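One structure is given below, encoded as structure tokens.
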Amino acid sequence: MPELPEVETFKRFVGCHALGKKICKVQVLHAKILEGVPAERFIAAIEGCCLSGTLRRGKHLFVALEPVNARQKGVAKPWLYLHFGMTGYLSYTEQGKTMVNAYGDSSRPDAHVRVRFCFEDDSYLDFHEQRLFGKAGLVDNPQDYLENRHLGPDALTVERQPFIESLQSRKGQIKPVLLNQSMVAGIGNVYADEMLFQCRIHPERRVAELTEADLQCLYAQMVDVLQNTVDVGSDRAQLPPYYLIHVREKKGRCPRDKTLLTVKTIGGRTTYFCPVCQH
Ligand SMILES: [Zn+2]
């Protein structure tokens with residue numbers, strides 16, 4: 001499931017391949033992917049625009065649309081909004097060659113394309129989302145959109161003290177609190193487990209019981225784990241060998257002490273942890 005680092009990777013992918021290009025045609029291949037906008041309006045708002053900038057908070061990606069047509073100049077354009085749901089990713093095709101970011105499935109490039117953005121130079125950007133939990137839409141103002149959803153600060157840019165204070169103001173078990181997007185935006189199930197493993201904190205520990213050292217560790221590991229993943233283009237295989245992420249599967253063993261990992265549903269999410277070194 002795409003979390004903050006994956007969406008940051010998608011943002012950079014758009015920046016690298018599609019920014020500044022004029023969209024001449026938009027194809028909606030599955031209308032269920034659209035959020036609150038009919039396909040005709042979605043298409044009409046985007047065709048003829050250049051992709052002129054990107055903005056990400058948490059797992060939400062926005063792409064600025066700039067009219068190129070003189071007739072449309074001066075008209076405020078909405079932003080293209082993309083949410084990658086469970087299985088979403090992007091690919092870019094130029095001269096018959098398809099590039100997929102590390103997270104995507106390059107073996108079946110056309111299987112789950114939901115929206116295709118075609119550029120003037122015959123290249124195109126595809127939005128894939130097999131499970132259809134993701135969304136594409138139009139947003140007038142990203143800041144308003146995020147505020148209406150009570151989204152907290154981005155996990156990669158939030159500063160240490162506000163993060164710790166926000167954490168301390170929450171009640172309950174640490175794992176669900178980390179997943180609460182109004183606390184910080186962008187931590188999902190996999191990276192929450194990783195942060196807790198690296199800090200040796202049991203996912204069911206109450207926030208109120210965490211020590212100052214635990215809180216400091218969680219901040220440091222949040223930044224480290226997310227930034228390390230962004231740095232390898234979300235290719236999880238390249239993450240350090242002592243990461244839980246490599247063994248986060250049935251019968252997986254702790255990278256430290258080889259104990260069989262415990263798998264338990266916590267806060268409604270499947271959680272992996274080491275019953276020996278996390279307490
Ligand atoms: Zn262990």
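The values are calculated or read from the model by the stated rules, or taken from the named source; none is laboratory data. If you're wondering where the values come from, they're calculated on a predicted model, not measured in any experiment. Cβ: placed from backbone, ideal geometry, glycine included. Neighbour counts: every protein chain shown.
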Here the qualifying pairs (Cβ atoms under 7 Å; residues six or more apart or on different chains; first in region 251-272 and polar (S, T, N, Q); second assigned to a strand (DSSP E or B) and near the ligand (Cβ under 10 Å from one of its atoms)) come out as 259/253; 262/273
Is at least one residue of region 36-48 closer than 30 Å to residue 183 by Cβ and surrounded by 14 or more Cβ atoms within 10 Å (Cβ to Cβ)? yes
What about residue 139, is it more than 16 Å from the chain's Cα centre (by Cα), hydrophobic (A, V, I, L, M, F, W, C) and over 15 Å from residue 61 (Cα atoms)? no
What about residue 258, is it over 30 Å from residue 157 (Cα atoms), at pLDDT below 95 and within 15 Å of the ligand (Cβ to nearest atom)? no
Hey, any hits in region 222-242 for a residue that's at pLDDT 95 or above, assigned by TED's automatic domain parsing to the domain that holds residue 167 and within 15 Å of the ligand (Cβ to nearest atom)? yes
